[in-house]
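Okay, structure first, notes after.
The values are calculated or read from the model by the stated rules, or taken from the named source; none is laboratory data. Being a predicted model, the structure only gives us computed values, none of them experimental. Methodologically, a virtual Cβ is constructed for each residue, glycine included, from the backbone with ideal geometry; neighbour enumeration extends over all protein chains shown. These accessible areas exclude ligands, DNA and RNA; they are computed on the full protein's heavy atoms, side chains included. Shrake-Rupley method; radii C 1.70, N 1.55, O 1.52, S 1.80 Å.
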Amino acid sequence: MAKLVLGLGAPHTPHFPTVAKEQGKSSRVTMLFKRLHAELEASKPDLILVYTSDHFVSFFFDNMPTFCVGAFDAAEGPRELSRSTPHYRVTGHPPFAHALFEYGLECGFDLAAAEELVLDHSLLVPLHFLTPKMNIPIVPIYIRGLAEPLPKADRCFKLGEMVRRQIDRWPGAERIAVVASGSFSLEVGGPKMGWIDYEWFDFVVERIRQGNTADLLRRATTRRMVSAGNTGGELLDWIALLGTVGGGAATFIEPDSQPPESPRDAHAYAAWRLEA
Amino acid sequence: MSTYRVNKLFYKLETDQAYLDRFRADAPGELARIDLTDEERTALLAGDVGKLYLMGAHPFLMNTLARQGLLGLNRETYLQRVREAAATRDKNAQARSDDDK
């Protein structure tokens, strides 16, 4: 029987790998990701599922799924030309991905599946820090988070619960970690660029800290999320993670607003230890 | 109004190096190959990202123009134009809503 051993939440700012390299071990980014990396190492996962929202790289408006599971043997990225994120090749886990796809159908989640993908920074930046050797299979679960209309928070939570049931019923012996990649308040390219909605950011962090998922789901309407910035829908990736880990309080959540490396950002780093 | 082709242009500029190189060398020539409305073409050639924002171009995609320094834009002029357009829109919306009262 497979076992869910860890949940992690992390940001994916494209220049973080460069910042970490230039500023060394003392930078906030390095230290916070190191905490998550230590959690991941200790949990010894054989498979990592990642909830992420593609940034118009793997998908475009010609064919953009609301929910999609990556069922590739291997995939590379990032493809963005104006970003400096290091290039990686990751391996997938097609049997688990296809089984999730099929179980979704049984549960009323008609996911898309992609057997070939080019990856974007939102998947690869967290992995750069969490599993730099890229030696653990990855199954991304994409949630449409940047292009309205977005799926509803409650639906994303239930998607996460469905994924948890699939983990529990998977006959393999894998130890599985689940990661959410995203921020709560960030605008890119729009008029609010450089502004952070601290009220929303603090609210989300506190609800995750407390495990008050019901209150978070009630408030996380599309309108509220997007008013915190045009990437605000990335909260849906964290909400799916909450569904998978059971909605309980995080073991820790470390908000990092106005980090000196990147003063116009606000991010959070969190872990849920799921083994006694 | 669909800004699909405008967004697709930004998508290609961010993900296709050969296309980016061609566009950098001859933006008007490349724009002539795309089935755009006159309004879209004019706004693109002028680097009028404020207008494009109001027309519905996705800002996340459009921001590649600022990062790559295309159509005469840089990060400062890009943000200034988008902000001015949004502020004017909000001001007009406020004036209309005041009129309705």
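Before moving on, here are some points about what is shown:
- Some residue of region B:30-41 being open to solvent by less than 10 Å² (accessible area, probe 1.4 Å), more than 10 Å from chain A (Cβ to nearest Cβ) and modelled with pLDDT of 95 or more: yes
- Taking the criterion of being in contact with a Lys or Arg (Cβ under 7 Å, 6 or more places away or on another chain) and in a helix (DSSP H, G or I), the only residue of region A:102-158 that qualifies is A:HIS121.
- Residue selected from region A:57-112 under the condition open to solvent by less than 20 Å² (accessible area, probe 1.4 Å) and among the small types (Gly, Ala, Ser), by the criterion nearest to the other protein chains (Cβ to nearest Cβ): A:GLY77
- Being within 14 Å of chain B (Cβ to nearest Cβ), surrounded by fewer than 18 Cβ atoms within 10 Å (Cβ to Cβ) and modelled with pLDDT of 95 or more is a property that A:GLU41 lacks.
- A:ASP120 being of a type in the set (Asp, Glu), on the phi < 0 side of the Ramachandran plot and open to solvent by 10 Å² or more (accessible area, probe 1.4 Å): no
- Filter result (touching a Pro at 6+ places or on another chain (Cβ under 9 Å) and of a type in the set (Asp, Glu)) within region A:101-120: A:GLU115, A:ASP120
- Just so you know, in region A:186-234 the residues that are crowded, with 21+ Cβ neighbours inside 10 Å, in contact with a Lys or Arg (Cβ under 7 Å, 6 or more places away or on another chain) and within 14 Å of chain B (Cβ to nearest Cβ) include one that is nearest to A:LEU146 (Cα to Cα), and it is A:GLY229.
- Scope region B:82-101; condition more than 10 Å from every other protein chain (Cβ to nearest Cβ) and either loosely packed, with under 11 Cβ neighbours inside 10 Å or not polar (S, T, N, Q) (or both); matching residues: B:LYS91, B:ASN92, B:ALA93, B:GLN94, B:ALA95, B:ARG96, B:SER97, B:ASP98, B:ASP99, B:ASP100, B:LYS101
- All positions within region B:1-30 that are under 22 Å from B:GLY56 (Cβ atoms), more than 13 Å from the chain's Cα centre (by Cα), of a type outside the set (S, T, N, Q) and not in a loop (DSSP other than H, G, I, E, B): B:LYS12, B:GLU14, B:PHE23, B:ALA27, B:GLU30
- Here A:LEU32 clears all of (1) open to solvent by less than 70 Å² (accessible area, probe 1.4 Å); (2) out of contact with any helix residue (DSSP H, G or I) (no Cβ under 7 Å at 6 or more places or on another chain); (3) within 14 Å of another protein chain (Cβ to nearest Cβ) except the condition numbered (3).
- Scanning region A:86-101 for residues that are in contact with a helix residue (DSSP H, G or I) (Cβ under 9 Å, 6 or more places away or on another chain) and either outside any loop (DSSP other than H, G, I, E, B) or at positive phi (or both) gives A:TYR88, A:VAL90, A:PHE96, A:ALA99, A:LEU100.
- Just one of the listed residues (A:ALA270, A:ALA266) is in contact with a strand residue (DSSP E or B) (Cβ under 6 Å, 6 or more places away or on another chain) and either modelled with pLDDT of 95 or more or closer than 30 Å to A:LEU47 by Cβ (or both), and it is A:ALA270.
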